[in-house]
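Structure, as C-alpha cells:
Each reported figure results from applying straightforward, stated rules to the coordinates on display, with no laboratory input. No experiment lies behind these values; they were computed from the predicted model shown. Every residue, glycine among them, receives a Cβ derived from its backbone with ideal geometry; neighbour counts consider all protein chains shown.
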Amino acid sequence: MKVVVLIKRVPDTASELQVAADGKSVVTGGLKFVMSPYDEHAVELAIQLKESHGAEVVVLSAGPPETKEIIRSALAMGADSGILVDTAQLGALTCRGTARLLAAALADLGADLVVAGKQAVDDDAAQVPERVAELLGIPHASVITRFELSGTTASVDREIEGGQYTLELPLPALFTTQKGINTPRYPTLPNIMKAKKKEIREVPAAQLGLAADSLSAQATTEAMTLPRQQRLCRVIEGDNAQRVKELVRVLHMEEKVL
Amino acid sequence: MPDKLADMRTIKFLLHEVLKLEELTQYPYYEDHSRETLDMAADTAYQLAHEVFWPSYQEFDQEGAQFDGHKVAVPKAMHEIWKQCAEGGWIGPNVSYDDGGQQFPITIHALACFLFNCGNTAAAMYLGLTYGAAHLIKTFGSKELQDLYMAKLFAGQYAGTMVLTEPDTGTSVGDMTTTASKSPDGDYYLLRGNKRFISGGDHDLTENIIHAVLARTEGAPPGIKGLSLFIVPKYRVNGDGSIGEWNDVTTTGIEHKMGLKGSATASLTFGDKGDCRAWLVGELNHGLRYMFELMNMARVFTGMQAVGVASAAYHCALEYSRTRLQGRDITSRDPLEPQIPIIQHPDVRLMLLKQRAVVEGCLGLFLYCARVHDQEHAVTDPEEQQRLHMLLEMLTPCCKAYGSDAAFESIRLAIQCHGGSGYSEEYPVAQMLRDCKVFSIYEGANGIQALDLLGRKVPMKGGMALQALNAEVSKTIAEAKELAPLKDLADKIESLQNEVVQATMHLGMLGLSGKVNQYLCNATAYLEMFSHLAISWQLLMQAVVAQKVLDAGSTEENFYRGKIETARCYAGYNVPHGIATAQMLTADERTALDFKPEWF
Ligand SMILES: Cc1cc2nc3c(=O)[nH]c(=O)nc-3n(C[C@H](O)[C@H](O)[C@H](O)COP(=O)(O)OP(=O)(O)OC[C@H]3O[C@@H](n4cnc5c(N)ncnc54)[C@H](O)[C@@H]3O)c2cc1C
C-alpha cells in the first residue's frame with residue numbers, strides 16, 4: 001500500500017508577522033517556517049498505517065526549494081521518501097494552480113491513499129486537497145477525526161457542525177485530517193539522522209507538462225493588514241440581578257454576540 | 001502564559017552565525033551531521049520544551065515530588081516527559097553511535113538542556129543526572145559496568161544520580177564519612193553511610209536507579225585523596241540484565257524545598273542492613289578526580305539551567321510589558337489620553353533590556369564553551385587541544401556562578417516588570433525565582449567557584465590559561481574596532497580588560513608574597529568583575545557579526561540592531577561596575593578578612 005501525504009510550508013503562527021513595504025505581502029526575512037500543523041496529523045496517520053499495514057509513505061509538497069526542510073521533518077517523523085515540486089520559477093500560485101501541480105505529480109505515483117491537513121494555517125483556504133481529489137477523480141472526505149482501514153475500504157468519521165458523520169469510502173481516496181484524530185509524534189534524534197539519508201526527489205514544476213495559464217493565479221492580492229489587537233476590559237457593577245441584566249444587554253446590544 | 005520560552009532566531013544566530021557549528025562536520029566524529037540535522041535537533045528540542053515540558057511547569061510546583069514514608073513519586077506529568085525524552089534520544093544526544101547516541105556536538109546537548117530548563121527546570125534535572133552517571137561509567141567504568149548499565153541509562157530505562165553530599169558534609173567533600181569495605185566473597189564492596197540532598201535519589205520513573213557514589217575505603221588516606229567512586233544500583237542487576245534483589249538503599253525522606261519541587265531531593269541510607277553492594281569505578285582513591293573531569297561541562301550546564309529559567313521569565317516579562325496598559329508618557333498632560341503599554345516607559349524597557357542582555361550574553365558564553373569543548377575533542381593537535389581546554393577551565397566558574405547569580409537577578413527584574421501580579425503565584429515568574437535559587441548553591445556553591453577561579457584557574461600553568469583567554473578577548477576587540485559603529489563599544493570593553501589585567505597582577509603579587517588569605521578574600525567580587533568582561537566580550541562578538549550583516553544589507557534590521565544595542569546596554573551598565581571593582585581590588589580592600597566573627 002502506498003500513502004501519499006500532501007504537506008505545506010507555512011510561517012509559524014507563533015512568529016510575529018510584518019507586512020512588507022508593498023502592503024501586499026509578508027516580510028519573510030527572519031520568519032520561521034514550519035509544516036502546517038494539520039498536516040502533521042496527516043503525516044502521523046500515514047506513519048501509523050506504515051506501522052500497522054506496512055504502508056510506504058511518500059510526502060509531497062509544492063513550494064520553493066526551502067520546502068525541503070519541512071519534507072525532511074516529515075521524513076524524520078518516519079515517512080519513507082519525499083517529492084518536492086519546485087515552484088521557484090512560477091509566479092504567485094493560488095489553490096487552483098497548486099492543486100493542479102500536486103495532481104499532476106500524483107498521477108503516476110499509484111497512491112492507494114492520499115492524506116493532507118484539513119487546511120493550511122497561512123491562507124486557511126481549505127481547498128487544495130479537495131481539488132486534487134476532483135482532478136484525480138477519486139472520492140474524498142474532509143475534516144476526519146477517525147480513520148480505520150479494512151481491506152480496500154476506509155471507514156472514517158467527519159467532524160460536522162454539531163455532530164459526527166461516519167462514512168465508508170473505497171480506496172483509492174483522499175482524506176483531510178482534523179486535530180483529535182491522533183497526536184503527531186516528535187522526530188527522535190535517531191530518526192533525524194535516518195531522515196538525512198532518505199531521498200527527496202525534486203521535480204521542477206515545468207516538467208509536469210502543465211500549461212502556464214492553467215496555473216496562473218485567479219485572484220490578486222490588493223492589500224494586507226495585520227488584525228488590530230484590542231483588549232478591552234470592562235467591569236459591570238451592581239448586585240447580581242442588575243449585573244446579569246446589564247451583561248445580557250451588553251452582549252446583545254453592544255457586542256452583538258447574542 | 002508566555003507563547004515563547006526562548007528566541008529560536010537568536011539561538012540559530014548563535015549556532016550558525018556566531019559559533020559556526022556546522023564547521024565541526026569536517027571532523028570524522030561529526031561527519032554525518034549537517035546544518036539540517038543540527039537545526040532539526042534544535043527545533044525539536046524547542047518543541048519538546050514548549051509542548052511537553054512547559055505545560056506542567058506550575059503543576060510540578062503545586063504537586064511536588066511525594067514521599068509516603070517508603071518510596072517517592074514524581075509529579076504525574078513527569079512520566080510522559082521522561083518517555084518522550086528517552087525515546088527521542090535526549091539523554092545523551094552527543095554520545096557515540098556505539099553507545100546508542102547520535103554523535104551530536106555537545107553544543108546541541110547543551111542547547112537542549114537550556115531549552116528543557118526554559119520549559120520545566122525540575123523535570124530537566126532527572127535527565128541531566130542520568131546522563132552524568134552514564135557518562136562516568138562510560139569514561140571510567142570497567143567493561144562489566146558498562147555492559148550492565150550504560151546502554152540502559154542512555155536509553156532512559158534506568159535513571160542515574162550523583163551522590164556526594166552527606167548530612168554533615170557539603171562543600172568540604174573530603175570530610176565525608178560513608179565507607180566502603182571490600183566484600184570477602186565477591187568483586188564488590190559493602191557500602192555504609194548516609195547521604196543527603198541527592199537529586200533524583202529515589203522516584204518511580206524507572207525500574208532501577210543507578211547511584212554514582214563517592215565513599216572512602218578502609219585505610220584510604222584522609223581528605224579528598226582517599227575518595228573512591230562506586231556504582232550502587234537501587235536493585236541489583238543480574239548477569240543477564242534482569243532486575244535482581246533490592247540493594248539495601250533506603251530512602252529516609254525528601255527535602256521540602258523553596259523551589260524545584262518536582263525534583264525529588266532525597267536522603268538515602270546505604271547499607272542499613274549491612275548488604276549494600278557497590279562496584280568500584282576505575283582505580284581506588286581516584287573518585288573525586290573522575291568527578292572533576294566531568295565537572296567543567298557539568299558546571300556549564302548548571303549555568304544553563306539557571307539562564308534557561310531566566311529566559312522563560314524574560315519572555316513572560318516581555319509579553320506582559322507589551323500588553324499591560326498603565327500610565328502615560330511622562331510628558332503627557334491629558335488624563336483622558338489612553339494609557340500606554342508599560343514597555344513604553346524607559347524604566348521598564350531598561351529592566352527588559354537588562355534581562356535580555358543576561359540571557360543572550362550568558363547563553364552565548366555557554367554555547368561558546370560547549371563549542372570549545374567540541375572543538376577540543378575534534379582537533380588532534382595537542383597544543384591546540386590544551387589551549388582550548390584552558391579557555392574552558394577559565395570560563396567554567398563564570399558560567400556556573402555568574403550565570404546563576406545573574407539569572408536570579410534577571411528573574412527579579414522579570415517579577416518587577418509584572419508589578420503586584422509578579423508577586424502572585426498566578427503568574428509563573430514567582431516560581432521561576434524560587435526554582436532558580438538553587439543553581440547558585442549546588443554543583444559547588446558560588447563562593448567556591450570564585451575561589452576556584454582566582455585560586456586555581458588564574459594562576460594555572462603560570463597564568464597561561466588567563467593569557468589564552470585574554471588573547472581571545474583582544475581578538476574580538478580588534479575585530480570590533482575595524483567596524484566604525486562599534487569602535488566606541490570596543491574601546492569601552494578594552495578599558496575593562498586593561499583594568500582586569502591590572503587588578504589580577506596586583507592580586508598576583510599578594511599571592512606571590514604568601515598573603516593567600518588576602519589574595520582570595522575578594523574572590524567573589526573578582527569573579528563578578530571577570531564575568532562582566534566575559535559577557536561584554538561575548539555580546540561584542542555577537543555585535544560584530546550583526547554589524548557585518550547590517551553593513552552587507554539585511555532585511556532583518558530590527559533583529560541585528562537589537563543584538564548590537566543589547567551589547568551596548570550590557571557594557572554601558574556593567575563596564576563601569578567592573579572598573580570600580582578592579583579599583584577596589586587594587587586598593588587592597590580587606591574588611592572581609594579583618595572583621596572578627598565576634599564583632600557581629
Ligand atoms: C536542591 C538541591 C539538590 C542537590 N543535589 C545534589 C546531588 O544530586 N548530589 C549531591 O551530592 N549533592 C546535592 N546537593 C547538595 C549541594 O551540592 C550542597 O548543598 C552544596 O555543595 C553546599 O553544601 P552545604 O549545603 O553543606 O553547604 P556548606 O558547605 O555548609 O556551605 C554553606 C556556605 O558556606 C560557604 N563555604 C563552605 N565552605 C567554604 C570554604 N571552604 N570556603 C569558603 N566558603 C565556604 C559556601 O560557599 C556556602 O555559601 C543538592 C542541594 C540542593 C539544595
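If you take each beta carbon of peptide B:35-41 and count the beta carbons of other chains within 10 angstrom, what is the mean? The partial results should precede the final answer.
Numbers: counts 0, 8, 7, 1, 4, 12, 5.
Per residue, the number of nearby Cβ atoms from other chains is 5 on average.
Of B:Asp435, B:Asp275, how do they rank once you tally other Cβ atoms within 10 Å and put the fewest first? Could the numbers behind the result be given before it?
Values: B:Asp435 30, B:Asp275 14.
With the fewest neighbours first, B:Asp435, B:Asp275 line up as B:Asp275, B:Asp435.
Based on other C-beta atoms within 10 Å, arrange B:Met464, B:Met162 from fewest to most. Before the final figure, lay out the partial values.
Working: B:Met464 13, B:Met162 24.
The order, fewest Cβ neighbours first, is B:Met464, B:Met162.
Just to be sure I follow: if Rg is taken over the C-alpha atoms of the range A:1-113 and Rh is the Kirkwood radius over the same atoms, what is Rg/Rh?
Here the Rg-to-Rh quotient is 1.01.
How far apart, in nm, are two points set 7 Å out from the Cα along the Cα-to-Cβ line at A:Val257 and at A:Thr221?
According to this spin-label approximation, the distance is 3.0 nm.
Would you mind getting the Kirkwood hydrodynamic radius of the protein assembly as shown from its Cα pairs, rounded to one decimal in Å? Each step should come with its number before you reach the end.
Numbers: mean 1/r = 0.0334 Å⁻¹.
After inverting the pairwise mean of 1/r, the radius is 29.9 Å.
Binning at 10 angstrom from zero up to the longest distance, how are the C-alpha pair distances of the range B:158-284 distributed in percent?
Distribution as computed: 14, 46, 32, 8, 0 percent.
Dipole of the protein assembly as shown (Lys/Arg Cβ +1, Asp/Glu Cβ -1, origin at the Cα centre): which of A:Ser61, B:Phe270, B:Ala73 lies farthest to the positive side?
Selected residue: B:Phe270.
Arrange A:Met193, B:Met150, B:Met460 by Cβ neighbour counts within 10 Å, fewest through most, would you?
Working: A:Met193 20, B:Met150 23, B:Met460 15.
Listed from fewest to most nearby Cβ atoms, that is B:Met460, A:Met193, B:Met150.
Can you give the relative contact order of chain B as a percent, counting alpha carbon pairs under 8 Å and 6+ residues apart? Intermediate results must be reported in sequence, preceding the final value.
Working: 1092 pairs, mean separation 76.8, N = 600.
In percent, rounded to a whole number, it is 13.
Provide the percentage of antiparallel DSSP beta bridges, counting only those with both residues in chain B; round to the nearest 5.
Values: 32 of 40 bridges.
If we restrict to bridges inside chain B, about 80 percent are antiparallel.
For chain A, what is the charge dipole size about the Cα centre, in debye to the nearest 20, if Lys and Arg each add +1 at the Cβ and Asp and Glu each add -1 at the Cβ? Kindly include the intermediate steps, with their values, before the conclusion.
Details: 28 positive and 33 negative charges, 88 e Å.
That gives a dipole near 420 debye.
Provide a whole-number value for the mean count of partner chain Cβ atoms within 10 Å of the Cβ atoms in peptide A:188-199.
Details: counts 8, 17, 7, 5, 14, 10, 1, 3, 6, 1, 0, 0.
Partner-chain Cβ atoms within 10 Å, mean over residues of A:188-199: 6.
Quick one: which residues, 5+ away or cross-chain, put their amide H under 5 Å from the amide H of B:Lys182? H built at 1.01 Å from N.
Here the answer is B:Leu190, B:Glu218, since their amide H atoms fall under 5 Å of that of B:Lys182.
Largest first and in whole Å, what are the equivalent-ellipsoid semi-axes of the range A:127-172 based on the Cα gyration tensor, each being the root of 5 times an eigenvalue?
Values: eigenvalues 65, 50, 9 Å².
So the three semi-axes of the range A:127-172 are 18, 16, 7 Å.
Please give the peptides A:39-49, A:79-89 ranked by average Cβ packing (other Cβ atoms within 10 Å per residue), highest first, as a rough proxy for protection.
On the way: A:39-49: 24.9, A:79-89: 19.5.
Result, highest mean first: A:39-49, A:79-89.
Send over the semi-axes of chain B's equivalent ellipsoid, whole angstrom and largest first, taken as the square roots of 5 times the C-alpha gyration tensor eigenvalues.
Details: eigenvalues 309, 166, 125 Å².
Value: 39, 29, 25 Å, ordered largest first.
Where the centroid of each part is defined by its Cα atoms, how far is the range A:241-255 from the range B:94-161 in Å?
Comparing the Cα centres of the range A:241-255 and the range B:94-161, I get a distance of 59 Å.
If you line up the Cα atoms of the range B:460-593 on their principal axes, what length do they span on each, largest first, in Å?
Result for the range B:460-593: principal-axis Cα extents of 58, 28, 18 Å.
Ignoring everything except DSSP H segments at least 4 long, calculate the 222 nm mean residue ellipticity for chain A; use -39,500 (n - 2.57) per segment, divide by total residues, nearest 500. Please list the in-between numbers first.
Values: 7 runs with 71 residues, N = 258.
Taken over chain A, the calculation gives -8000 deg cm²/dmol.
Restricting to lysines 8 or more places apart or on different chains, can you count the pairs in the range B:158-284 with Cα atoms under 27 Å from each other?
For the range B:158-284, qualifying lysine pairs total 13.
Test of understanding: what is the full-extension gain from A:Glu237 to A:Ala21, defined as 0.36 nm times their sequence separation minus their Cα-Cα distance?
Details: separation 216, 0.36 × 216 = 77.76 nm, distance 4.59 nm.
Residue separation times 0.36 nm, minus the Cα-Cα distance, leaves 73.2 nm.
Which residues' amide hydrogens lie under 5 Å from the amide hydrogen of A:Val85, considering only partners 5 or more residues apart or on another chain, with H built in the peptide plane?
Hits under the 5 Å cutoff: A:Ser61, A:Ala62, A:Gly63, A:Val203.
Can you give the alpha-carbon Rg of the range B:8-151 over 2.2 N^0.38 Å, where N counts its residues?
That ratio works out to 1.15.
May I ask for the longest run of chain B untouched by trypsin sites (Lys or Arg not before Pro) that are loop-located per DSSP and have at most 16 neighbouring C-beta atoms (other than their own) within 10 Å?
Working: sites that count: B:Lys20, B:Lys71, B:Lys76, B:Lys273, B:Arg333, B:Lys515, B:Arg590.
In chain B, the maximal stretch lacking such sites is B:77-272.
Looking at the calculated P(r) for the range B:139-180, what percent of the C-alpha pair distances fall above 14 Å? All intermediate terms of the calculation are to be shown ahead of the outcome.
On the way: 531 of 861 pairs.
Summing the P(r) tail past 14 Å for the range B:139-180 gives 62 percent.
Taking every residue in B:477-484, how many Cβ atoms of other protein chains lie within 10 Å of its Cβ, on average? Can you show the working numbers first?
On the way: counts 0, 0, 0, 0, 0, 0, 0, 0.
Going residue by residue through B:477-484 and averaging, the value is 0.
Using alpha carbons only, how many angstrom separate the centre of the range B:524-600 from the centre of the range A:32-66?
Measuring centre to centre over Cα atoms gives 47 Å.
So what's chain A giving for Rg/Rh, alpha carbon basis, Kirkwood Rh from the mean inverse pair distance? Before the final figure, lay out each step's value.
Numbers: Rg = 21.5 Å, Rh = 20.3 Å.
The Rg/Rh ratio comes out at 1.06.
Tell me the label-point distance for the pair B:Met460, B:Trp246, using the 7 Å Cα-to-Cβ offset, in nm and rounded to one decimal.
Label-label distance for B:Met460 and B:Trp246, simple model: 4.5 nm.
In angstroms, what radius of gyration and Dmax does the range A:100-202 have, counting Cα atoms only?
Computed over the Cα atoms of the range A:100-202, radius of gyration and Dmax are 15.3, 45 Å.
Can you give the convex hull volume of the alpha carbon atoms of the range A:149-222 per residue, in Å³?
Details: hull volume 20.0 nm³, N = 74.
That works out to 270 Å³ per residue.
Treating only the Cβ atoms of Lys and Arg (+1) and Asp and Glu (-1) as charged, compute the dipole magnitude of the protein assembly as shown about its Cα centre; round to the nearest 20 debye.
Rounded to the nearest 20 debye, it is 960 debye.
What is the range B:92-184's relative contact order, in percent, from Cα pairs under 8 angstrom and six or more apart in sequence?
On the way: 84 pairs, mean separation 19.5, N = 93.
Reported relative contact order: 21 percent.
When only DSSP loop residues count, what trypsin sites (Lys or Arg not before Pro) in the range A:1-44 have their Cβ near at most 15 other Cβ atoms within 10 Å? List each step's numbers first, then the result.
Details: sites: A:Lys2, A:Lys8, A:Arg9, A:Lys24, A:Lys32; in loops: A:Lys8, A:Lys24, A:Lys32.
Passing both the DSSP loop test and the Cβ count: A:Lys24, A:Lys32.
I'd like to compare A:134-143, A:149-158, B:570-579, B:44-53: which one has the highest average count of other Cβ atoms within 10 Å, and what's the full order after that? Display every interim value, and only then the final one.
Working: A:134-143: 16.8, A:149-158: 15.2, B:570-579: 20.0, B:44-53: 21.5.
Averaged packing, sorted descending, gives the order B:44-53, B:570-579, A:134-143, A:149-158.
Using a 7 Å offset from Cα along Cα-Cβ at A:Glu148, what residues in the range A:1-22 end up with backbone N under 13 Å from the label point?
none
Find which of B:Leu280, B:Leu229, B:Met390 sits farthest along the positive direction of the dipole of chain B, computed with +1 on the beta-carbon of Lys and Arg, -1 on that of Asp and Glu, about the Cα centre.
B:Met390
Which aspartates and glutamates have a Cα less than 13 Å from the Cα of B:Lys76, not counting those fewer than 8 places away in the same chain?
Reachable aspartates and glutamates: B:Glu59, B:Asp61, B:Glu63, B:Asp204.
With point charges of +1 on the Cβ of Lys and Arg and -1 on the Cβ of Asp and Glu, referenced to the Cα centre of the range B:460-593, which listed residue (B:Val544, B:Ile579, B:Gly562) lies farthest in the positive direction of the dipole?
Working it through, the farthest residue towards the positive pole turns out to be B:Ile579.
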